[in-house]
Structure formats: C-alpha cells, structure tokens
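To start, the structure itself, in structure tokens.
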Amino acid sequence: MEDEIKRRLKKLKSIKVSPPTQMQLRGGMQERLHRQERINYGKKVDKKITKLNNRLSLIQKEKTREKDREFSDDFKSFSISSIEPLEKFNEPVFRRIRSKRGFF
C-alpha cells in the first residue's frame, strides 16, 4: 500500500499547472473561465497530494508503533490497522472550457 501511495504521489507531483497568461488576466469572459478552470485544476492536484501525504505519514506512524510493540515483550496485543483501504485513483483532468460551457 505504501508503494502505491508513493507511485500516486510521484504521478501527481509530475503535473505542472501553468500560471495564467497575460491574455487570461486582461481578457473577457472566456479567458476568465479558462483562468478559473486552471486554478481549480491546481487546487484539485494540491488537495490530492496533501491527502496522500497524510495517509503516507499515518502508515509510517503505524509501522513505528508496530516496531515498538515487537520490542516490548511484556505487552503483545493484536492491533487492527486504523487505516482504511485506498480508493480508486482518479487523476485530475484539465478540461477545455469550450466543450464544457458551450462556447463556439
């Protein structure tokens, strides 16, 4: 599971969201919609990265707890991992506004 999370993180970190162009900053409604879509796409990528980083840190904490429990012989108990399984990986998709909003 840890390898899968690292693979997903690598894939998400390789995505580069380009900054808005000058035309989008000064343009009309269509450029404004393109800028909004680009910003929302960047937010989705960042949100998924932070979620995966949190899950990876939880897994690493769980591993250190298990190691500590192995070294203490006087208290051995069966522990159930509190980490829920991974959901299907849907990479964020940058959509074109024209087809989405009905321009042209």
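Observations, loosely collected:
- On inspection, L52 qualifies as closer than 19 Å to D3 by Cα and buried (at least 16 other Cβ atoms within 10 Å of the Cβ).
- Considered as a group, the residues in the range 30-44 that are within 13 Å of the chain's Cα centre (by Cα) and in contact (Cβ under 8 Å) with a residue 40 or more places away in the chain include one that is surrounded by the fewest Cβ atoms within 10 Å (Cβ to Cβ), and that residue is Y41.
- Put simply, of K11, K16, K67, K100 the only residue that is among the charged types (D, E, K, R), surrounded by 12 or more Cβ atoms within 10 Å (Cβ to Cβ) and either at pLDDT 75 or above or in a helix (DSSP H, G or I) (or both) is K11.
- Failed item, numbered, when R26 is tested on (1) more than 30 Å from R55 (Cα to Cα); (2) under 25 Å from the mean Cα position of the chain (by Cα); (3) charged (D, E, K, R): (2)
The values are calculated or read from the model by the stated rules, or taken from the named source; none is laboratory data. Keep in mind the model is a prediction, meaning the values are calculated, not measured. Every residue, glycine as well, gets a Cβ built from its backbone with ideal geometry; the counts of neighbours run over all protein chains shown.
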